[in-house]
Each structure stands twice: as C-alpha cells, then as structure tokens.
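Okay, so here's the structure we're looking at.
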Amino acid sequence: AKEIGRDAVQVFTFELADRAHEKLERQEELRRALAQTEFFLQYQPQMDLVTGRIFAVEALIRWRHPERGIVSPGEFIPLAEETGLIGPIGDWTLRTACRQNKAWQLSGLPPIVVSVNVSARQFQERDWVERVAAALEESGLEARYLELELTESLIMEDVQQAVETMHRLEQLGVHLAIDDFGTGYSSLSSLKRFPVGRLKIDRSFVQDLPGDSDDAAIATAVISLGHLLQLRVIAEGVETREQLDFLREAGCDEIQGYHISRPIDAMALQALLCLSEC
Ligand code: C2E
Ligand code: CA
Ligand code: CA
Ligand code: CA
C-alpha cells in the first residue's frame with residue numbers, strides 16, 4: 001500500500017507539472033496567434049421582430065489554429081483574461097469589427113450596428129475609453145454604429161467605476177448592452193443607473209421555451225422589466241420557430257440565434273444583408 005501511495009503522489013505531481021507546462025505553451029501560442037493574426041471574426045445577425053430587418057450583428061472571435069483547426073472563444077478567452085492578453089486581443093477585435101462595419105457601409109449596404117463583447121479586464125483598463133475612441137477614429141465608423149456588450153458580473157465588480165466609464169462611453173455616442181442578462185445579479189436600483197439601451201436575455205432562459213414554465217415566466221418578466229426601464233430587449237440563442245413565436249407574443253423586440261443564422265464570415269454576412277436589403 002505504501003508503494004502505491006508513493007506512486008500516486010508522483011503521478012499527481014507529474015500531472016500538475018504537465019498542466020502548468022501546457023498552460024505556458026497555450027499562452028505562448030496565444031501570443032503567436034495575435035502576432036500572426038490567426039484570429040478572425042464571425043458575425044451573427046440580430047433581427048428586429050417587428051420589421052423583420054437585420055439591424056445589427058454580434059462580432060464573435062475565433063482562432064484558426066494551425067494544427068487544432070478552429071478553436072472557439074470559450075476555450076481561449078479565459079486564458080487570455082488570466083494572462084492579460086485579452087488587452088491586445090480585445091483591441092484587435094474592436095478595431096477589426098469597426099473596420100469591417102465601415103467596409104460594409106462603403107460597399108453600399110444599409111448601415112447596421114456591430115456589437116462587440118467586452119471582458120472585465122479590458123473594461124477596467126485606465127485608457128479603455130480612449131481605445132474605443134481610437135478604434136472609431138481609425139476606422140472612420142460613426143460611434144452610433146458600435147455597441148459594446150457588458151455582462152452583469154463585469155458591471156457589478158465595481159458598480160461606481162463601471163457607471164462612470166459607461167457614461168464616458170455614452171458621451172462618445174456608442175451604444176451599450178447588458179449581455180447574459182438574468183445570470184448575474186444586478187439590483188433593480190442599480191439597473192436604473194446604467195446608461196444602457198438594451199438587455200440581452202441569456203440563452204439559458206430561451207433554450208427550453210416555450211415548454212418550461214419557469215423560463216417562460218422569467219423571459220416574460222425580463223421583457224416587462226426592460227420595457228419599464230425603456231430598454232430594448234433581445235433574446236439570444238433562439239433556435240426554433242416556437243421560441244420565436246413565444247418571444248414575439250411576449251413583446252420581445254429582437255432576436256438572435258441559429259433560427260435566423262449561425263455566426264458567419266464577413267463575406268457571407270454581406271451576401272445575406274444584400275439578399276434582404278439590396
Ligand atoms: P456570448 O457573448 O453569450 O455569445 C453568444 C454565444 O452563443 C456564441 O458562442 C454564439 O455562437 C452562440 N450562439 C448563438 N446563437 C446560438 C443558438 O441559437 N444556439 C446555441 N446553442 N448557441 C448560439 P461563441 O461564439 O462560442 O462565444 C462564446 C462566448 O465567448 C461568448 O458568449 C462571449 O462571452 C465570448 N466571446 C466571443 N467573442 C468574444 C470577443 O471578441 N471578446 C470577448 N471578450 N469575448 C468573446
Ligand atoms: Ca455577447
Ligand atoms: Ca450572451
Ligand atoms: Ca429551465
């Protein structure tokens with residue numbers, strides 16, 4: 001038993017070392033990915049439930065890994081946040097999304113809003129607002145065609161600071177949305193203080209609609225709450241016609257999800273917009 005015990009400990013430390021080593025390797029890979037632009041953005045349409053128009057898209061980052069193929073953000077954003085690489089990666093995302101949106105406009109498409117996800121660590125950087133201003137300036141995109149998606153938990157980390165930064169962003173003219181709404185915790189009184197234009201109902205409340213009565217109640221409540229505060233409400237992760245019908249009936253303003261389109265490359269999005277608008 002003693003022998004086995006010692007072996008077990010050894011295996012354990014080897015595994016730990018392995019994991020630490022692997023993490024360092026992944027971190028190095030992320031740096032390389034940034035330097036060699038292995039990242040790219042896909043765009044997922046957002047549809048207005050009243051007009052049927054695609055009025056906005058959410059930019060979602062992907063990593064074209066030379067050996068592992070396409071890696072999804074869930075697999076590398078956490079590490080990027082932990083290591084601080086989210087700063088430069090986030091800058092790249094913001095600038096690319098602004099430049100792409102301007103390019104769509106220049107190609108003659110009716111203007112849409114591009115929505116960009118923001119990490120807490122990015123948002124809390126001292127010069128964050130200046131970076132947003134710089135991305136707009138350098139791309140020539142008007143601020144009103146950019147939206148930033150902030151999560152409840154990001155805001156709640158330091159509400160005072162967040163509200164201040166949000167006001168500065170609002171002054172720039174960019175739109176703000178609260179992402180994954182309902183999964184974090186923000187009090188009604190704090191929600192009232194946020195200068196945001198939209199709430200995004202989290203996918204976890206959408207996926208079991210219309211059958212799950214708890215989720216139906218939550219979705220309906222979020223829509224009422226949003227409207228009470230004069231916000232637009234968008235539901236994400238809408239995959240079926242039944243979900244769409246339920247949400248429309250409940251007064252939801254907008255939807256995003258596979259039912260409309262998966263996230264797609266810039267070229268494919270251009271074609272899609274052109275089909276519906278040109
Ligand atoms: P999120 O902001 O909640 O983005 C929505 C996620 O749901 C995306 O996953 C999207 O592809 C997926 N999705 C959209 N419609 C449906 C649907 O109908 N059904 C299902 N099952 N899924 C749907 P993705 O692209 O893998 O992104 C995952 C998360 O990674 C995002 O969640 C966001 O938190 C983060 N992320 C993505 N891009 C960026 C970025 O540029 N910067 C930062 N900081 N985070 C990002
Ligand atoms: Ca989002
Ligand atoms: Ca979300
Ligand atoms: Ca449920």
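Those residues that are open to solvent by 10 Å² or more (accessible area, probe 1.4 Å) and part of a helix (DSSP H, G or I), I need them from segment 223-242; list them, please.
Answer for segment 223-242, where residues must be open to solvent by 10 Å² or more (accessible area, probe 1.4 Å) and part of a helix (DSSP H, G or I): Ser224, Leu225, His227, Leu228, Arg241, Glu242.
Just to verify a result, which residue in segment 202-217, among those that are more than 16 Å from ligand 3 (Cβ to nearest atom) and outside any loop (DSSP other than H, G, I, E, B), is least open to solvent (accessible area, probe 1.4 Å)?
Ala216
Could you go through segment 43-55 and let me know if any residue there is over 17 Å from Leu272 (Cα atoms), more than 16 Å from ligand 2 (Cβ to nearest atom), part of a loop (DSSP other than H, G, I, E, B) and in contact (Cβ under 8 Å) with a residue 40 or more places away in the chain.
Checked against the condition, which is being over 17 Å from Leu272 (Cα atoms), more than 16 Å from ligand 2 (Cβ to nearest atom), part of a loop (DSSP other than H, G, I, E, B) and in contact (Cβ under 8 Å) with a residue 40 or more places away in the chain, segment 43-55 yields at least one hit.
Does segment 107-124 hold any residues that are part of a strand (DSSP E or B) and either open to solvent by 10 Å² or more (accessible area, probe 1.4 Å) or away from ligand 2 (no atom under 11 Å from the Cβ) (or both), and which are they?
Once the filter is applied, which keeps residues that are part of a strand (DSSP E or B) and either open to solvent by 10 Å² or more (accessible area, probe 1.4 Å) or away from ligand 2 (no atom under 11 Å from the Cβ) (or both), segment 107-124 yields Val113, Val114, Asn117.
How many residues are in contact (Cβ under 8 Å) with a residue 40 or more places away in the chain, open to solvent by 20 Å² or more (accessible area, probe 1.4 Å) and either polar (S, T, N, Q) or in a helix (DSSP H, G or I) (or both) if we restrict to segment 243-265?
Residues meeting the conditions: 1.
To keep it simple, each residue is scored yes or no on (1) within 16 Å of ligand 4 (Cβ to nearest atom); (2) over 30 Å from Gln105 (Cα atoms); (3) not aromatic (Phe, Trp, Tyr).
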site	(1), (2), (3)
Ser186	no, yes, yes
Pro195	no, no, yes
Lys200	no, no, yes
Leu228	no, yes, yes
Leu231	no, no, yes
Ile234	no, no, yes
Tyr258	no, no, no
Ala266	no, no, yes
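Take the residues of segment 54-86 that are small (Gly, Ala, Ser) and either crowded, with 17+ Cβ neighbours inside 10 Å or over 16 Å from the mean Cα position of the chain (by Cα) (or both): which is farthest from Tyr145 (Cα to Cα)?
Gly69
Of everything in segment 154-187 that's of a type in the set (Ser, Thr, Tyr) and away from ligand 1 (no atom under 11 Å from the Cβ), which residue is most open to solvent (accessible area, probe 1.4 Å)?
Residue satisfying both the conditions and the ranking: Tyr185.
Scanning segment 138-153 for residues that are open to solvent by 60 Å² or more (accessible area, probe 1.4 Å) and away from ligand 1 (no atom under 15 Å from the Cβ), which turns out farthest from Ile234 (Cα to Cα)?
Glu138
Which of (1) within 16 Å of ligand 3 (Cβ to nearest atom); (2) part of a helix (DSSP H, G or I) is the odd one out, the single condition Val196 does not satisfy?
It fails just one condition, (2).
Looking at this structure, is Gln100 modelled with pLDDT of 95 or more and more than 16 Å from ligand 2 (Cβ to nearest atom)?
Yes; evaluated as a whole, the condition is true for this residue.
Show the residue pairs meeting these rules: Cβ distance below 6 Å; 6+ apart or different chains; first residue within segment 175-196 and under 18 Å from Glu147 (Cβ atoms) and touching a residue at least 12 places away in the same chain (Cβ under 8 Å); second residue within 16 Å of ligand 2 (Cβ to nearest atom) and polar (S, T, N, Q).
Asp179/Thr151; Asp180/Thr151
The values are calculated or read from the model by the stated rules, or taken from the named source; none is laboratory data. Please read these numbers as outputs of a predicted model, since none were measured by experiment. Here the Cβ is made from the backbone with ideal geometry for all residues, glycine too, and neighbour counts use every protein chain on show. Just the protein is used for accessible areas: all its heavy atoms, side chains included, with ligands, DNA and RNA removed. Shrake-Rupley method; radii C 1.70, N 1.55, O 1.52, S 1.80 Å.
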